[in-house]
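The values are calculated or read from the model by the stated rules, or taken from the named source; none is laboratory data. In this text, all values refer to a predicted model and were calculated from it rather than measured experimentally. Quick reminder, even Gly has a Cβ in these numbers, built from the backbone with ideal geometry, and neighbours come from all protein chains shown. Remember, those area values only see protein heavy atoms, side chains included, never the ligands or the DNA or RNA. Shrake-Rupley method; radii C 1.70, N 1.55, O 1.52, S 1.80 Å.
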Amino acid sequence: MSTPMGFGRMHRKEDARFIRGRGSYVDDVNLPGMLYGAILRSPHAHARIVSIDTSAALAHPKVKAVITGETLAGLNLAWMPTLSADTQAVLATDKVRFQGQEVAFVVAEDRYSARDALELIDVEYEALDAVIDARKSLDEGAPIIRDDQEGRADNKIFDWGAGDKDATDAVFAQAEVTVAQDMLYPRVHPAPLETCGAVADFDKVTGKLTVWCPTQAPHAHRTLYALVAGLPEHKIRVISPDIGGGFGGKVGIYPGYVCAIVGSIVTGKPVKWMEDRSENLMSTAFARDYHMRGEVAATRDGRIQAIRVKVLADHGAFNGTAQPTKFPAGFFHVFTGSYDLRAAHCEVTGVYTNKAPGGVAYACSFRITEAVYLVERMIDVLADELGVDAAELRMKNLLRSEQFPYTSPTGWEYDSGDYQKTLQLAMDMAGYDALRREQAEKRERGELMGIGISFFTEAVGAGPRKHMDILGLGMADGAELRVHPTGKAVLRVSCQSQGQGHETTFAQIVGAELGISPDDVEVVHGDTDQTPFGLGTYGSRSTPVSGAATAMVARKVRERARQVAAAMLEASPEDLEWTVDEAGGSWTVAGTGAGKSIQEIALAAHSNLELPEGVEGHLDATCVYNPPNLTYPFGAYICVVDVDPGTGQVKVRRFIAVDDCGVRINPMIVEGQVHGGLADGVGMALMQLMAFDEDGNHLGASFMDYLLPTAMECPSWELGETVTPSPHHPIGAKGVGESATVGSPPAVVNAVLDALRPYGVRHADMPLTPAAVWRAIKGDPIRTDMAIT
Amino acid sequence: MQVPASFEYERAESVPHALELLERYGEDARLVAGGHSLIPMMKLRLAQPDALIDINGLAELSHLGVDGDTLVIGALVRHAALLADEVVGTYFPIFHEAERVIADPVVRNRGTVGGSLCQADPSEDLSAAFAAVRAEAVILGPGGSRTVPIREFHVGPYETVVEPGEILTELRVPIRPGAGSAYEKVERRVGDWPVAAAGAYLRLDGGVIAEAGIGLTAVGAEHFTAPDAEAYLIGKAAEEAVLREAARIAAESCEPQADQRGPVDYKRHLAGELTYRALSRAAERSGS
Ligand SMILES: Cc1cc2nc3c(=O)[nH]c(=O)nc-3n(C[C@H](O)[C@H](O)[C@H](O)COP(=O)(O)OP(=O)(O)OC[C@H]3O[C@@H](n4cnc5c(N)ncnc54)[C@H](O)[C@@H]3O)c2cc1C
């Protein structure tokens, strides 16, 4: 694969180090004299701490320090703010509120001693009744989880709504047909293969704190450390090295990071802390856990008129969801889907339970995953009620291309779309009519085959800073571009790749804008001392925000180059035109052959060339991009499954995914993102689950219990594309990092339920394990979020 | 990272040396074969042996072949070796079908037949397969060797008749011409332990069933088998109604427990469904 000048397929620059095993992750950071930390965690979901005796652990010959909530309270660090402006215990002082909560931190000479010493800490607990079932969290007399908050009398966090209730109710009152369905989007976990961890190194002499940590938002971490711990921000350096998967689970600050920092300050030595798999699954940010009820009003001939939704959102013991401040339910507003509706309304109630905190992690685009699942399930429920084909019903109700930009009933402006074309392409690729014929024949023979469709629209690229901030930090991102005298460039960005391939695609953006090879552009990210401020990578925001900043900063450089070229060519800048051919980019005098390549201009910009008044030397530029709107990628997915009625096993036979993410910078990387997301979706739909028993014991705390899909469960993905550029993004691109994770679960679930139609089964909750499918056939569905008894 | 508690490590040079080491370290020593069951338990600190005695170098325990009318499988034979062996596949398709769905290639490359049986996990696939074919286990101790029918080998979950100072050395399986066998398993995902699994072994004689073996795992079947269902089959033609009835009897005899793999009714249903499927395929394979 040769390197294109701009956009196109090129191998990832990152691959050279990753396929040679030369990536460098936080656990690869080893400093002289480094100590190791380990966390003692609560075995209880809800208990009062009576006493903690650390004397035996401290007596261990290799233990250097034992830190408890009491130690931290002395430093005013026992609690920290969450990303949703709640508070979270760093180390518990009064009570433990979920199984796996952090109670004490041991610092020792090696990992083994640190772990051994945990067993020497004696904690006396007084067990309390736990709130595990979110549906009982608001019951009269339910135990109060957050009694640390003054005046708290219940477990409610918020009530929030969007849309027009009266208008929606009015449509429902008049509707010819209405359907309603309860459904759960169960608690799942991003389960990155690299767990969380940190190396903290506080230098007493310089007062500088360096933290290596796999964070998706290094700048936000630095600012929060400064604000919370009172450390001067210019003395904090956060380095996010190569990350072994983030998926949203590495946005926030975990207690272990704070403990490692305090450990380093207390001992004067660097301290490494790496959590293990079970700790990662039990204590770091979960995703979803939305108990939803959807209702749809329609005409008898299949025109969808209104959607109404009620949600009970389980946020765990601390409200730690990562989302813009004004949006407690994220961007759930897009539950109106891709359809032309008259009215819509939703109500979301957030509650505390005795489970781990977190909320939106896991490739969800701020709750869009839940919203898309809801609406796409509801469309199938309506199709079932009306007895019409689910593809036909969607085709009839999708927004038409002339309706864009389109303002949804919840007030969001969809930037661009051509939905029918995308759905039609997916149906053509699938051979939709032939599949339906095959299904009919199979049904005659008692065989179960299902075809499931989902059509999704996402709202990504948060976002306009006027509306969107996290803890007061606006969601605009910076870029800096430096062009060396020989025309090679270094781009510095605030976002941080966890596998998205930014070092390649962002070099391609610069390459396209400056007419240089992407090989000549080095992308620097993940180090707060070396990159401009910005909020990082999650919610599919890197290309919409940092990618735009990259294009804009390159255009600034290009404009500066024009001034220099004008001086070189002794022409007026207005008479120059920018051209790019195989040899690269150059400014040429219009109508003449005279021109200067970008490399020649770069050298001249650093030379003794006399520059006109007001034109500085060098070509370097900086830029902050504040997006005018979100971008709205969309797609049509079709899944074909076979179900064994005797065992309930589901086999995904085919999966067709047509994505429209606007302009594709590197189609190969886009396809990689889609492949990963589709596998994720199969996992969530069929096997991934974190359930709890009544006492709050976590039933999915290892990879033996929390199942990730393998290649064996994934068919050979059939991908297609349409390209509808974003009108407001500098290069017309939309985010794609989460599209497939958002779009695929409803396609798989719809397919399974389509297969089960002969049994009259309209809905069953994820994950559709063999047991869940078999029970659905029996008409006795399993409640998937609680222990199976 | 999960780290085990500290332990001594010894590498056995021979079987007698392994026995000697077991005696020297006493009750809190454990043999380690493939380590795929023991090491995870140590990392989770569910097991904290004082000493590990590594038997991986003992070629005497890795033999696999036919001795007269018996298939002999050394305790240290890896899952992958059992799966790759053509003779095993010819006489006992049940072993190949079971091995194909045990764990994943990484585990199968190291995990051993002996380790699987000695671990005695109530969901162990090979326990069901060996129960179906009525194997015998050969156990060596300081006082010499003894042979135990596999259906008496397991005394409860994670418990076998192998005493602390003893080693399981091999498994012996009688080869009977014309017999057919098969294995059926439902798992939530490839590499997962079974939700339920059933193995069947049938030998027909003159159109009727002369010998029947049923192995069941993960469903609370005593000794991983269903003797009443086996007895019912003897002397009957291997036809659908008969096999269904045997499967129903087998399912009745199980005591499954609910867990995240499934509720009791589902597991019992699977015990029947999979027994039926395995019996049907075993019948197809048995020549008569
Ligand atoms: C990810 C994963 C998935 C798995 N999936 C399945 C599955 O689907 N189905 C299934 O059946 N199994 C499954 N297993 C279990 C796997 O088959 C066993 O871990 C493995 O085969 C046990 O053998 P080992 O040699 O690794 O035993 P070890 O871990 O070395 O030993 C296990 C126990 O047996 C003892 N032992 C070992 N050899 C002897 C001997 N010769 N004499 C006396 N005692 C001995 C040891 O002291 C120890 O107590 C899975 C394991 C993993 C890790």
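General remarks:
- Distribution of pairwise C-alpha distances over the stretch A:47-182, 10 Å bins, in %: 10, 28, 25, 17, 10, 6, 4, 1
- Accessible surface of the protein assembly as shown, 1.4 Å probe, proportion on carbon and sulfur as whole %: 49
- Antiparallel content of DSSP bridges confined to chain A, in %, to 5: 80
- Net length available on complete extension from A:SER24 to A:ASP148 is 40.6 nm, with 0.36 nm assigned per residue and the Cα-Cα distance removed.
- Over 24 Å between alpha carbons, listed pairs A:LYS396/A:LYS421; A:LYS13/A:LYS596; A:LYS208/A:LYS269; A:LYS421/A:LYS651; A:LYS136/A:LYS651: A:LYS13/A:LYS596; A:LYS421/A:LYS651; A:LYS136/A:LYS651
- For the stretch A:426-532, applying the loop criterion from DSSP together with a ceiling of 12 other beta carbons within 10 Å to the trypsin sites (Lys or Arg not before Pro) yields A:ARG445, A:LYS466.
- Summarising the amide proton neighbourhood of A:HIS46: residues at separation of 5 or more, or on other chains, whose placed amide H is nearer than 5 Å comprise A:LEU128.
- Scaled radius of gyration (Cα, divided by 2.2 N^0.38 Å) that the stretch B:61-174 gives: 0.98
- Neighbourhood net charge (14 Å Cβ-Cβ; Lys/Arg +1, Asp/Glu -1) for A:GLY700: 0
- Rounded to 0.05, the FRET efficiency of the A:LEU611 and A:LYS421 pair, given R0 = 60 Å and the Cβ-Cβ distance, is 0.75.
- Using 0.36 nm per residue and subtracting the Cα-Cα separation, the extra length available between A:LEU31 and A:ASP644 on full extension is 215.2 nm.
- Protection proxy ranking, peptides B:247-256, B:265-274, A:744-753, average beta carbon neighbours within 10 Å, highest first: A:744-753, B:265-274, B:247-256
- Considering only the Cα atoms of the stretch A:476-625, their convex hull presents on average a projected area of 9.0 nm².
- Rounded to 10°, Cα long-axis angle of helix B:264-285 versus longest principal axis of chain B: 70
- The phi-based Karplus calculation (6.51 cos²θ - 1.76 cosθ + 1.60; θ = phi - 60°) puts the 3J(HN,Hα) values of the stretch A:479-488 at 9, 10, 10, 10, 10, 6, x, 8, x, 8 Hz, whole numbers, x for Gly and Pro.
- Applying the criteria of a DSSP loop state and at most 14 other Cβ atoms within 10 Å to the GluC sites (Glu not before Pro) of the stretch A:562-618 yields A:GLU570, A:GLU582, A:GLU610, A:GLU613, A:GLU616.
- For the stretch A:235-300 versus the stretch A:397-465, the inter-centroid distance based on Cα atoms is 33 Å.
- Here is what passes the span test in chain A: the DSSP H helices with alpha carbon length of 20 Å or more along the helix axis and a Kyte-Doolittle mean of -0.5 or above are A:368-386, A:548-569, A:667-686, A:739-755.
- Accessible area of the protein assembly as shown divided out per residue, in Å², using a probe of 1.4 angstrom: 36
- Translational diffusion coefficient of the protein assembly as shown (Stokes-Einstein, Kirkwood radius from Cα pairs, 25 °C, 0.890 mPa s): 77 µm²/s.
- Alpha-carbon spread of the stretch A:394-441, three principal axes, descending order, Å: 45, 18, 12
- Shape index of the stretch A:407-563: Rg/Rh, with Rg the Cα radius of gyration and Rh the Kirkwood radius from the inverse mean 1/r over Cα pairs, equals 1.17.
- Inter-part distance where the stretch B:214-262 and the stretch A:671-748 are each reduced to a Cα centre, Å: 39
- The stretch A:516-561 versus the stretch B:75-110: alpha-carbon centroid distance in Å: 53
- Label-to-label distance, nm, for residues given as A:GLU447 and A:TYR759 (7 Å Cα→Cβ offset): 1.9
- Chain B and chain A together bury an accessible surface of about 2600 square angstrom, both sides counted, with a 1.4 Å probe and no ligands or nucleic acids included.
- Once backbone amide H atoms are built at 1.01 Å from N, A:LYS95 has A:ILE49 as its partners under 5 Å, excluding neighbours fewer than 5 places away on the same chain.
- Of the trypsin sites (Lys or Arg not before Pro) found in the stretch A:261-340, those in coil by DSSP whose Cβ has at most 14 other Cβ atoms within 10 Å are A:ARG300, A:LYS326.
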